[in-house]
Amino acid sequence: MSKLSLSVAIGDYDRNRPLIDGAVRIDGVDPVFMTLYPEEIFFRALRTHDFDICELSLSSFTVKTAAGDNPYVGIPCFVSRAFRHTSIYVRTDRVREPKDLKGRKVGVPEYQLTANVWARAILQDDYGIAPADMRWVRGAIEHAGRIEKISIKLPPGVVLEDAPAGRTISDLIDKGEIDGFIAPRPPYLARPNPNVGWLFPDPIAAAKDYFKRTGLFPIMHLVGIRRTLVEQHPWLPAAVMKAFEQSKAAALAHLSDTSATKVTLPFIEEQLAATRELMGEDFWPYGLESNRKTLETFLRHHHAQGLSSRLVKPEELFHPSTHESFKI
């Protein structure tokens, strides 16, 4: 049987590199890899369905799943995760703690970005600040003119306006015209501004405390396969999941080898040991069941924030063949 020639668009992360360089193979597939930035992958995948297999935004994927028109089938391999305490920037000259955000203007590159769903969840669950307590301004981080990838309908009380023409949210917070900034990337400032900084002065400590209290390591991206392909080749989801799991395992084994540091940064081995002490041996889990609580938390907030038209169950996101994995 000849192999399927499929396009695969994913980020150039250590957990994906054994796949990209061919050390790990997808059974039955001859892949054509494209390592792209998430913004490009998501835009092309959701607008024109450019890729056969690709990394996808959990938020956008949930919007499309709730609506029943998702062109991709999900695989529970979470190639991007991040604690989003580092994603919340403020004008430190007038916002000194989370409660100070009430009534303020907060910039976002897109309202429905996964990072922003998690940041709003943190503000609401831990500090009692609801999305309707702030006024939202949508605009690009670096180049003016960014729009939402997919259409959304926000609940009553949530005010979202576009940034002025030709302006970015980075420029607006730099000039003091908005009070906060929530995004996967930091504000793009021509020069450092002493009045722009993190809401949480020590976001790493805040994130560690969050994990200790909740057990949540926020999921950002999953893997998707074009739905029409899965209908033709129902064996494909399990094969893709197996390959991504093997790739992650190979990357962690490589990182754990202390004979020579694999990342151009000191203390990596010590950070790896400290992370396992805090979060357990499998601190970056793939699979449905090991991520159920994290997914349920996200989906609850996603629906409450008005982004999904109904409350989606974790099982709905993923192909049935990936709900469980074989064991030897």
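Throughout, read-outs are computed from the coordinates displayed, never taken from laboratory work. What you are looking at is a predicted structure, and each value in this text was computed from that prediction instead of being measured. Using ideal geometry, Cβ is built from the backbone for each residue, glycine included, and neighbour counts are taken over all protein chains shown.
Worth pointing out:
- DSSP beta bridges in the chain [antiparallel fraction, %, rounded to 5]: 45
- Debye equation applied to the C-alpha atoms of the range 158-297, log10 I(q)/I(0) at 0.14 Å⁻¹: -1.03
- In terms of its C-alpha gyration tensor, the range 270-325 has an oblate overall shape, because the principal axis ratio a/c (a ≥ b ≥ c, square roots of the eigenvalues) is not below 1.5 and a/b does not outweigh b/c.
- Charged side chains reduced to their Cβ positions (Lys and Arg at +1, Asp and Glu at -1) give the range 8-51 a dipole of some 80 debye around its Cα centre.
- Just checking the listed ones, 262, 99, 208: in the Gaussian network model of the chain with Cα springs under 10 Å, the one fluctuating most is 262.
- Taken over the Cα atoms of the range 50-124, the convex hull encloses 126 Å³ per residue.
- Mean sequence separation of contacting Cα pairs (under 8 Å, at least six apart), scaled by the length of the chain, corresponds to a relative contact order of 27 percent.
- One Cα centroid belongs to the range 115-132, the other to the range 43-57; the line between them spans 28 Å.
- Stokes-Einstein, applied to the Kirkwood radius of the range 84-214 over Cα pairs at a viscosity of 1.306 mPa s and 10 °C, places its translational diffusion at 108 µm² s⁻¹.
- Here the range 293-315 and the range 229-245 have alpha carbon centers that stand 25 Å from each other.
- The alpha-carbon of residue 262 sits under 16 angstrom from the alpha-carbons of these lysines, leaving out residues fewer than 8 places away in its chain: 248.
- With helices as the sole contributors, the chain gives -10000 deg cm²/dmol at 222 nm; each DSSP H run of n ≥ 4 counts as -39500 (n - 2.57), and the sum is divided by every residue.
- Straight-distance crosslink candidates among aspartates and glutamates, where the alpha carbon sits under 20 Å from residue 64 and sequence neighbours closer than 8 are dropped: 39, 40, 50, 52, 55, 110, 148, 231, 296, 315, 316
- GNM remark for the chain: springs join alpha carbons under 10 Å apart, and the peak mean-square fluctuation among 84, 213, 94 falls on 213.
- The range 133-241: relative contact order in percent, alpha carbon pairs under 8 Å with at least 6 residues between: 19
- When the range 84-214 is described by a simple charge dipole with +1 on each Lys and Arg Cβ and -1 on each Asp and Glu Cβ, the residue from 112, 159, 189 located farthest towards its positive end is 112.
- Non-local Lys pairs in the range 84-214, i.e. 8 or more apart or on different chains, that have alpha carbons under 29 Å apart: 14
- Judged by the mean number of other Cβ atoms found within 10 Å, the most tightly packed of the peptides 10-21, 174-185 leads the ranking 174-185, 10-21.
- The mean sequence separation of alpha-carbon pairs under 8 Å and at least six residues apart, normalised by the residue count of the range 1-96, gives a relative contact order of 28 percent.
- The Cα atoms of the chain cover 63, 47, 35 Å along the three principal axes, with the biggest extent listed first.
- As a rough guide to protection, the peptides 119-126, 191-198 ranked by mean Cβ packing within 10 Å, highest first, stand as 119-126, 191-198.
- For the chain, the Cβ-based charge dipole about the Cα centre amounts to some 660 debye (Lys, Arg positive; Asp, Glu negative; other atoms uncharged).
- Candidates 209, 257, 100: whichever shows maximal mean-square fluctuation once the chain is modelled as a Gaussian network with Cα springs under 10 Å: 257
- Farthest towards the positive end of the charge dipole of the chain, among the residues 207, 145, 224, is the Cα of 145, using unit charges on the Cβ of Lys, Arg, Asp and Glu.
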